[in-house]
1. Of all DSSP beta bridges in the chain, what percent run antiparallel (nearest 5)?
2. How many angstrom separate the Cα center of the stretch 53-119 from the Cα center of the stretch 281-297?
3. Taking every pair of alpha-carbon atoms in the stretch 62-111, what share in percent sits in each 5 Å bin, from 0 to the bin with the longest distance?
4. Placing unit charges on C-beta atoms (Lys and Arg positive, Asp and Glu negative, everything else neutral), compute the dipole magnitude of the chain about its Cα centre in debye, rounded to 20.
5. How large is log10 I(q)/I(0) at q = 0.10, 0.17 Å⁻¹ when the Debye formula is applied to the Cα atoms of the stretch 151-322, each weighted equally and without solvent?
6. Along the three principal axes, how long is the stretch 64-174 when you take its alpha carbons, biggest first, rounded to the nearest angstrom?
7. In Å, what Kirkwood hydrodynamic radius results for the chain from the alpha-carbon pair distances?
8. Using only Cα atoms, tell me the angle between helix 99-113 and the longest principal axis of the chain; keep it within 0 to 90° and round to the nearest 10.
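Only the coordinates and a few stated rules stand behind these numbers; no lab work does. For clarity, every value in this text was computed on a predicted model and none was experimentally measured. Don't worry about glycine lacking a Cβ; one is built from the backbone with ideal geometry, like all the others, and counts go over all protein chains shown.
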Amino acid sequence: MLAETQTRLRAGPQAPTDHAAMQPRASFPVLRGHAGLFSSFTFGQIGRLLAPLRDDVIAVGVIVGARPVGLAVGTLPSGSTQAELLSIAVAPALRRRRLGRRLLEAWQTEAHERGAAECRASYNASMSGRMALEGLLASGGWTSPRASGVVVVGRVGKMVDEVGTWPSIAGRLALPRSYAFAPLELSAADIEAVERYLSDPEAADMLGPIRQPEKLAFDYSIAVRRDGQLVGWLLATESHRPLVEGDADVPTVRYLEAYLDPAYREGGVMVAAYYHCYSKQMALLGRDSVAVYYTSYDSRPRMVALTLRRFAPIAERVETIFGASRCLPSF
C-alpha cells in the first residue's frame with residue numbers, strides 16, 4: 001500500500017448465531033454504472049468512486065426489501081492480481097444477521113472472477129469499528145491483522161519550518177550539487193533505470209513513475225538525480241478530504257511512494273526530497289494544506305523510526321496502519 005494508502009473501513013460485528021430466522025432475505029448484486037444510491041454506506045472520498053464506477057472498482061451491494069442496506073467496495077488495478085478492499089458496511093439495524101459475512105464473500109467472489117489471486121485490507125489503528133471489522137475478516141478466513149506501517153498527517157507549513165531547523169538535518173538539506181530534485185520528466189534512459197529498479201524484489205510492490213501515471217500529481221512528484229542520472233523518485237497525488245473527522249475540507253497532497261537507489265540512502269537524501277516537495281506544496285497550496293505519507297515497517301524500518309522520533313511531535317496525527325489479507329483459490 002502505498003501506499004496508500006490511509007484507507008478506512010467500516011463493518012458490522014460478526015454475527016453471533018447462524019440461526020436461519022436471523023438472516024433476512026437479501027440479494028448481493030455486483031454494481032455497475034452509477035451506484036450513488038449506496039454512497040451512504042461508505043466514506044466521502046470512497047463514495048466518489050461510485051458515480052460512475054470505474055473499470056478498476058469492485059462494488060457489491062446488499063438489498064433487502066428493495067432497499068440498499070449495505071456495500072463493499074474496493075479496487076483491482078488493471079494487470080494486477082491483488083484486490084484492495086476499501087470499505088464494507090451494513091445498515092446498523094441489520095447487523096448481527098450474517099449480512100456482513102455474506103457481503104464479504106460476494107465481494108471476494110467478484111474479485112476472484114475478475115482475476116484477483118489475493119485480497120487485502122488496510123485500516124487505521126484508531127478506526128471506529130475496528131474490532132468488528134477484524135472479527136468479520138477473521139470469519140471470512142483472512143489472516144490475523146498485523147501492523148504494516150505508519151501514516152503521518154501534518155500541516156505542510158509547520159513541517160517545512162520545523163524540519164529546516166533540525167540540527168541533524170539542516171546541514172543535509174544543503175546537499176552537494178551532484179544531487180537535484182527535478183521535475184518528473186523521464187527520458188528513455190530514465191525509463192530503463194526505473195524498470196531496473198522495479199525488478200528488485202524490494203521494489204516489487206511499487207508503481208514507480210511509469211505505472212499508472214494518471215494517478216500522479218506532477219506538481220508535487222519529483223525525480224531524484226545524482227550527476228544527472230536518475231537514482232530515485234517521490235510520487236504524489238492531490239486530493240481533498242477532511243484532515244480529521246468533522247474538519248472542513250483542506251487541500252491535501254498524498255505522498256504515495258518514495259524510492260532511492262540503495263547506494264545513496266545514507267546522508268538524508270530522501271529527507272531532503274520530502275523537504276523539497278513540502279516546500280513546493282506550501283508555495284502552491286498554502287501553509288495550512290495537508291501532507292500525508294505512509295512508511296512501511298517491512299521495507300523502511302529506519303524511516304519508521306525517524307518518523308516516530310522526529311515527525312510525530314510536529315504532525316497533526318500519526319496513525320499505525322494494520323493490514324490483513326486472504327489468498328483466493330486458483331482458477
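1. Details: 59 of 67 bridges.
Just about 90 percent of them are antiparallel.
2. Between the Cα centre of the stretch 53-119 and that of the stretch 281-297, the gap is 31 Å.
3. Binned Cα distances yield the sequence 5, 20, 28, 22, 13, 7, 5, 1.
4. 1080
5. -0.36, -1.11
6. 63, 36, 28 Å, listed from the longest principal axis down.
7. 21.1
8. Its long axis makes an angle of about 60 degrees.
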